[in-house]
Ligand SMILES: Cc1cc2nc3c(=O)[nH]c(=O)nc-3n(C[C@H](O)[C@H](O)[C@H](O)COP(=O)(O)OP(=O)(O)OC[C@H]3O[C@@H](n4cnc5c(N)ncnc54)[C@H](O)[C@@H]3O)c2cc1C
């Protein structure tokens, strides 16, 4: 097989340049054969646009893929499926006009890891920057619903933006985490071979890693795997070892990026949903939000699963996103002691799939994440979990002989925003002079975020430099001073802290060993922290084995005390999500279980 044929077999996609693109007539013939008369394709402004009605969601996705890699700028899939309503962007119930009449050099739409990393990069410059997030905090969506793996870059298709940004981002995270004061580890990843046929694929895997510029890889024999990972399945035939794979906490990283950006002058506006844009002479002149209308010199689209909708507000929807859900099991933190590396054992056919196949990811906190799954399903923010997806994950447990389903403490789902070309969209808009896209950031988006941010910030600065002098800030402070995490401190340091501030000695979350002092530190952060989930994202209070059963009432009291309010006014997450329904005669709070209704 030739090298390019090889590549196509691995990715399952064809690549054509703009010059050799497939004419729409040919695409329509293909669509008719596969989908009948329901779907039609037409070229619009360099993209291929699909319209019509197809009977199933799976058919809609397949039609989108049929038009990908055919030499167009992107695939816009407007096919309808009977009974599946289109997602509608709904703003939070806040309208106070705080943004009315303001003007910023840069407006970033989206407070996920990508938007927050871009904000931190832009803070290096003497610019007024605002980040708008429609939720009550950063990292509410995909950036807190992932595996936290800083991928090595082997799995991305060679030649794609994903491959290049992944490898660059992987090198950037370690020093960045040092600056941000958050934990980063590099345990490396072991891709175990299921049989001799899989092991024979090693030269191909090594060639791909080399082509992507991955830092270091090795073949490990079965014996070496057993020596390094005594609990690994005996059913393996050696492994492909990638030492550069790393781990971090995705929500802590996003919070830390945002805090450092805020400390350097970036303004964060939460509960602010961008709803529309007004254009003048090919530029975005005004952004309309539920919290007011304002001007911006450059707009950065980092809106995750809504990035195609945001692009459409500026008349630049040249791609569309489809949602690929991924669910994970979370195992008790005691399981972390049973393995050292990230481990997976994909099937031979996995290399043809559009996802990496999942595995066992040991977090820095000791929990092992099992997953993720990959399923095309409508719903940009549908985080429901399905029993069959959980059962599907059970197969990964056999990779580590010490794991079982009885160790599962919870599970979660995240949604990947995918383009049909399966690549990131990181570019200055071709149509709108002051718009930069950081869109289609599915996996490995977390690993790539620092590199994406560096390039997107440079693009934004370039746009501004045409009309103003953009100078670096002499007082830019890259270092974030982290608040103490007592659980990780040596005993003497803990004792000294408690002697200075006794609230560090009052443990509130027993599972995660989080003290009152740490919760109060989170509440005093530079970003507004007003809800239980925002506290959880910063301290992990409520993330342990009992899942907040024990500590929730106490955290509630501390949040209420810090805000000078009653527990009944405290929110679980966004506006209206009150935790308590009222008070009993003895002034006890009646707690609302958000899944089940009101409980005592
Ligand atoms: C199950 C799963 C596992 C994964 N594992 C990994 C992994 O191990 N390693 C890795 O590198 N990647 C992983 N990924 C991918 C990674 O999580 C994403 O690429 C990354 O989090 C995307 O970040 P983002 O900032 O682009 O998007 P998001 O985190 O979704 O942020 C976008 C934000 O924009 C806001 N927004 C949207 N529209 C508007 C609007 N109109 N106005 C205001 N705000 C708006 C949203 O509310 C949201 O908060 C995984 C993904 C999933 C689903």
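Assess whether residue 142 counts as being at negative phi and touching a helix residue (DSSP H, G or I) at 6+ places or on another chain (Cβ under 7 Å).
For residue 142, the condition - at negative phi and touching a helix residue (DSSP H, G or I) at 6+ places or on another chain (Cβ under 7 Å) - is met.
Which residues, taken from region 406-439, are within 14 Å of the ligand (Cβ to nearest atom), in a loop (DSSP other than H, G, I, E, B) and in contact with a helix residue (DSSP H, G or I) (Cβ under 7 Å, 6 or more places away or on another chain)?
Hits for region 406-439 are 423, 424.
Name the residue, out of 145, 120, 124, 208, that is at pLDDT 95 or above, away from the ligand (no atom under 16 Å from the Cβ) and buried (at least 21 other Cβ atoms within 10 Å of the Cβ). Let's see the steps before the verdict.
Details: 145 fails: away from the ligand (no atom under 16 Å from the Cβ); 120 fails: away from the ligand (no atom under 16 Å from the Cβ); 124 fails: buried (at least 21 other Cβ atoms within 10 Å of the Cβ).
One residue alone meets the criteria, 208.
Looking at this structure, is residue 115 assigned to a loop (DSSP other than H, G, I, E, B) and either on the phi > 0 side of the Ramachandran plot or buried (at least 24 other Cβ atoms within 10 Å of the Cβ) (or both)?
So residue 115 does not fit the description; no.
What is the residue count in region 514-527 for residues that are out of contact with any strand residue (DSSP E or B) (no Cβ under 8 Å at 6 or more places or on another chain) and part of a loop (DSSP other than H, G, I, E, B)?
Of the residues in region 514-527, 3 are out of contact with any strand residue (DSSP E or B) (no Cβ under 8 Å at 6 or more places or on another chain) and part of a loop (DSSP other than H, G, I, E, B).
Does region 356-392 hold any residues that are assigned to a helix (DSSP H, G or I) and either at pLDDT 95 or above or away from the ligand (no atom under 12 Å from the Cβ) (or both), and which are they?
Across region 356-392, the qualifying residues are 387, 388, 390, 391, 392.
If you scan region 292-347, which residues turn out to be in a helix (DSSP H, G or I), buried (at least 21 other Cβ atoms within 10 Å of the Cβ) and within 14 Å of the ligand (Cβ to nearest atom)?
304, 305, 306, 307, 308, 310, 311, 313
Please verify whether residue 272 is farther than 21 Å from residue 442 by Cβ and either buried (at least 21 other Cβ atoms within 10 Å of the Cβ) or not assigned by TED's automatic domain parsing to the domain that holds residue 295 (or both), treating the condition exactly as stated.
Considered against the rule, which asks whether it is farther than 21 Å from residue 442 by Cβ and either buried (at least 21 other Cβ atoms within 10 Å of the Cβ) or not assigned by TED's automatic domain parsing to the domain that holds residue 295 (or both), residue 272 comes out as yes.
What pairs can you find where one residue is in region 139-154 and assigned by TED's automatic domain parsing to the domain that holds residue 256, the other is near the ligand (Cβ under 6 Å from one of its atoms) and assigned to a strand (DSSP E or B), and their Cβ atoms are less than 6 Å apart, with a gap of 6+ or different chains?
Qualifying pairs under 6 Å: 142/414; 145/414; 146/414.
Taking region 101-112 on its own, how many of its residues are assigned to a strand (DSSP E or B) and near the ligand (Cβ under 6 Å from one of its atoms)? Break it down stepwise before answering.
Kept after step one, since they are assigned to a strand (DSSP E or B), are these residues of region 101-112: 103-109.
Adding the requirement that they be near the ligand (Cβ under 6 Å from one of its atoms) leaves 109.
Selection size over region 101-112: 1.
Would you pick out the residues in region 19-59 that are touching a residue at least 24 places away in the same chain (Cβ under 8 Å) and assigned to a helix (DSSP H, G or I)?
If the condition is that a residue be touching a residue at least 24 places away in the same chain (Cβ under 8 Å) and assigned to a helix (DSSP H, G or I), then 24, 27, 30, 31, 34, 35, 57, 58, 59 are the ones that fit.
The values are calculated or read from the model by the stated rules, or taken from the named source; none is laboratory data. Since we're looking at a predicted model, the values are computed, not measured. Cβ coordinates were reconstructed from backbone atoms using ideal geometry, including for glycine residues, and neighbour counts include every protein chain displayed.
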